[in-house]
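Scroll down for the structure; my scribbles are underneath it.
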Amino acid sequence: MTVLTQSPARPESGGPPGGGRRLVEMVLRARELSILGALVLLVLGTTIANPRFLSGQGVKDIFLNASILVLLAVGQSMVVVTRNIDLSVGSVVGLVAFSAGKFASGGDRNVVLVVLVGVGIGLVCGLVNGLLVSFCRVPALVVTLGTLYVIQGLDYRIAHGDQIGAADLPSSLLSLGNDGILGVPYLPIITVVVMLGVGYYLRSYSSGREYYAIGSSPEAAMLAGVPIRRRVLTAYLLSGALAGLAGVLWLARFGTVVADAAHGWELKVVSAVVVGGVAITGGVGTVYGAALGALLLTTIGSVLVVLKVNSFWQDAITGVLLLLAISVDRLLALRVTRALKQRSLASAAHRAASPQSKEGRA
């Protein structure tokens, strides 16, 4: 993960040079490790209270339940990093799950074709969001809140109060959500592959680092020649495509789908991303942290069920974690800014005191 400071030059599109970049990456790595540590402590504590929590089926259920949320968090991270937001992902999942189910129940459809249909619907939704935000310059919050309700209405219109059952779906599609390779379910495998691919692109390609440049300082990114509109549009397209894929996986995982599938998940996805260290103000965070945030929230839900705690507390805990994450982000941003400023002043003082500088003045 890199962050662009305000500079008109475009060296690899991103980040404070040298030690500054290493400092930011070290802070983010510590943030992700702290989430992982909290996750380990949560699992160990629950296992002590209920040893069956870490049974083979229990672990499998956690990863299956987290897979769709992680997939959505990866797409949301791309959008949030550019200082935008996508509140329509939950409704896109519901629309795709029901529409793909309708399509698949029409005959023995090939599972790849069903996936392509779902991803295609998601791409269309992402295209609408991206065009309105990037080219029409409408605030992302307004656009995606509006498309959330439009897509929900369209979903209810298509459903007409019906539901799709597992008996209507081809076995190949249901096996995608319940079978696996060597005991590892397909859903976590697909999610990990997508996460690693997106994470590698954002870190290793100059065009990937431009997303962080946009979120860090849109003005500096524009001066550096970053194609802001194209990158923001691409972020929304990816978010829509992954929401479409998540809709198909939702259908394959649960089999029975109604019109309000994934209702309210947009806030859960945003919470996972922010808890995972992706700053809501843009320019900071990784998809790996977002995935850990999604896994943490999913595990908390499973823990509360195992401990027979009222499900109300899951929302309360999520809210507390969200507030803590935003507060920590703000404190870390202030500390990093102060540290970078001190390093910059020390570097300037060192150059002023160097023999070459004195010879130049002489």
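The values are calculated or read from the model by the stated rules, or taken from the named source; none is laboratory data. Keep in mind that this is a model prediction, so the values were computed, not measured. Glycine gets a Cβ as well: all are built from the backbone with ideal geometry, and neighbour counts include every protein chain shown. To get the accessible areas, we keep the full protein, side chains included, count just its heavy atoms, and leave off ligands, DNA and RNA. Shrake-Rupley method; radii C 1.70, N 1.55, O 1.52, S 1.80 Å.
Residue separation of S175 and I317 scaled by 0.36 nm, minus their Cα-Cα distance, works out to 47.7 nm of gained length. Ranking D168, D108, D155 by solvent-accessible area of protein heavy atoms (1.4 Å probe, all protein chains present), from largest to smallest, gives D108, D168, D155. Put a dot 7 Å past the Cα of L267, heading toward its Cβ, do the same for L42, and the two dots end up 1.8 nm apart.
Solvent-accessible surface of protein heavy atoms, probed at 1.4 angstrom with all chains present, puts C125, C136 in the order C136, C125, largest first. Both radii are taken from the alpha-carbon atoms of region 193-329; with Rh as the Kirkwood radius, Rg/Rh is 1.02. Taking amide H as placed 1.01 Å from N in the peptide plane, the amide H of G180 sits under 5 Å from that of Y186, each at least 5 places away or on another chain. From largest to smallest, the equivalent ellipsoid semi-axes obtained for region 168-239 from the alpha-carbon gyration tensor read 37, 14, 7 Å.
The 1.4 Å probe gives accessible areas that order L131, L223, L33, L173, largest first, as L223, L33, L131, L173. Counting protein heavy atoms only, region 169-230 has 65 percent of its accessible area on carbon and sulfur, 1.4 angstrom probe. Stretching V142 away from L54 to a fully extended chain increases their span by 27.4 nm, per 0.36 nm per residue minus the current alpha-carbon distance. Here is the list for region 82-145: trypsin sites (Lys or Arg not before Pro) lying in DSSP coil, each with at most 16 other C-beta atoms within 10 angstrom of its C-beta, are R137. Rounded to the nearest 0.05, the FRET efficiency derived from the C-beta distance between K308 and K102 at R0 = 30 Å is 0.20.
Each principal axis of the Cα cloud of region 78-211 was taken in turn, and the coordinate range along them, longest first, works out to 45, 40, 18 Å.
At an R0 of 45 angstrom, the distance between the Cβ atoms of S327 and V184 translates into a FRET efficiency of 0.75. Where the centroid of each part is defined by its Cα atoms, how far is region 273-311 from region 198-269 in Å? When both Cα centres are located, 17 Å separates them. Against the compact-protein benchmark of 2.2 N^0.38 Å, the Cα-based radius of gyration of region 61-331 scales to 0.98.
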